[in-house]
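Undergrad: Have a look at this one before I ask anything.
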Amino acid sequence: MPTCPRCHQPVVAQAIACPHCRTALKAHGHPGIPLHRSTGGEFLCETCTYHEDDTCNYPQRPYARECTLYQNRFQPIATGKSINSRSQASKNWLRRNATWLILAGIVVVSLALALRSN
Ligand code: SF4
Ligand SMILES: [Zn+2]
């Protein structure tokens, strides 16, 4: 059973808030969106996989003390979570390189049209 990051009491995995100290445990009040918090004075980004591989584009980086996407780079990733983090990394890569991908697509289509008209 997970524990509350503030009072360290056991809480059910789906709890939106800690029943003991009322700390929010999920983002936007949704049980499917975990809200990670730093327990001391450190920033979450210091130990986050997405900060290390430079795929995070959240505005709070590198000073996040709360984050919905945080992934501890020192903890093994469960199989399901691994797929999620890989898919999130892919999404981040696509978002960052969208302009280049669109330009490459335009060039390919232009070349195809030019070759076809000859
Ligand atoms: S996902 Fe969150 S914790 Fe990780 S680097 Fe980005 S802002 Fe920081
Ligand atoms: Zn608590």
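Undergrad: Using the Cα centre of the stretch 35-117 as origin and beta-carbon charges of +1 (Lys, Arg) and -1 (Asp, Glu), tell me which of Cys48, Ser38, Thr68 is placed farthest towards the positive end of the dipole.
TA: The one lying farthest along the dipole's positive direction is Thr68.
Undergrad: Another one. List the Cys residues of the chain that have no partner Cys with a C-beta closer than 4.7 Å.
TA: Lacking a cysteine Cβ partner under 4.7 Å: Cys45, Cys48, Cys56, Cys67.
Undergrad: Once both labels are modelled 7 Å past Cα along the beta-carbon direction, what's the Ala104-Thr68 spacing in nm?
TA: According to this spin-label approximation, the distance is 2.9 nm.
Undergrad: Arg6: net charge of surrounding residues, Cβ under 13 Å, Lys/Arg +1, Asp/Glu -1, itself excluded? Intermediate values should be presented prior to the final figure.
TA: Values: positive: Arg22, Arg37, Arg65; negative: Glu66.
Charge balance in the 13 Å sphere: +2.
Undergrad: Search the structure for amide H atoms under 5 Å from the amide H of Arg6, placed 1.01 Å from N in the peptide plane, and list their residues when 5 or more places away or on another chain.
TA: So Arg6 has HN proximity to no qualifying residue.
Undergrad: Kindly provide the helix-only [θ] at 222 nm of the chain, computed as the sum of -39,500 (n - 2.57) over DSSP H runs of four or more divided by all residues, to the nearest 500 deg cm²/dmol? Don't skip to the answer; put the middle values down first.
TA: On the way: 3 runs with 42 residues, N = 118.
My calculation for the chain gives -11500 deg cm²/dmol from helical runs alone.
Undergrad: When you count, for each residue, the other Cβ atoms within 10 Å and take the mean per peptide, how do 90-100, 8-18, 43-53 rank with the highest first?
TA: Working: 90-100: 11.2, 8-18: 13.8, 43-53: 17.9.
Ranking the peptides 90-100, 8-18, 43-53 by packing returns 43-53, 8-18, 90-100.
Undergrad: Can you tell me the 0 to 90 degree angle between the C-alpha axis of helix 79-96 and the longest principal axis of the chain, rounded to 10?
TA: Rounded to the nearest ten degrees, it is 50.
Undergrad: Take Ala17 and Asp54, extend 7 Å from each Cα along the Cα→Cβ direction, and tell me the distance between the two endpoints in nm.
TA: 4.1
Each reported figure results from applying straightforward, stated rules to the coordinates on display, with no laboratory input. Every value quoted in this text rests on a predicted model; they were computed, and no experiment measured them. All Cβ positions, even for glycine, are placed from backbone atoms using ideal geometry, and neighbour counts span all protein chains on display.
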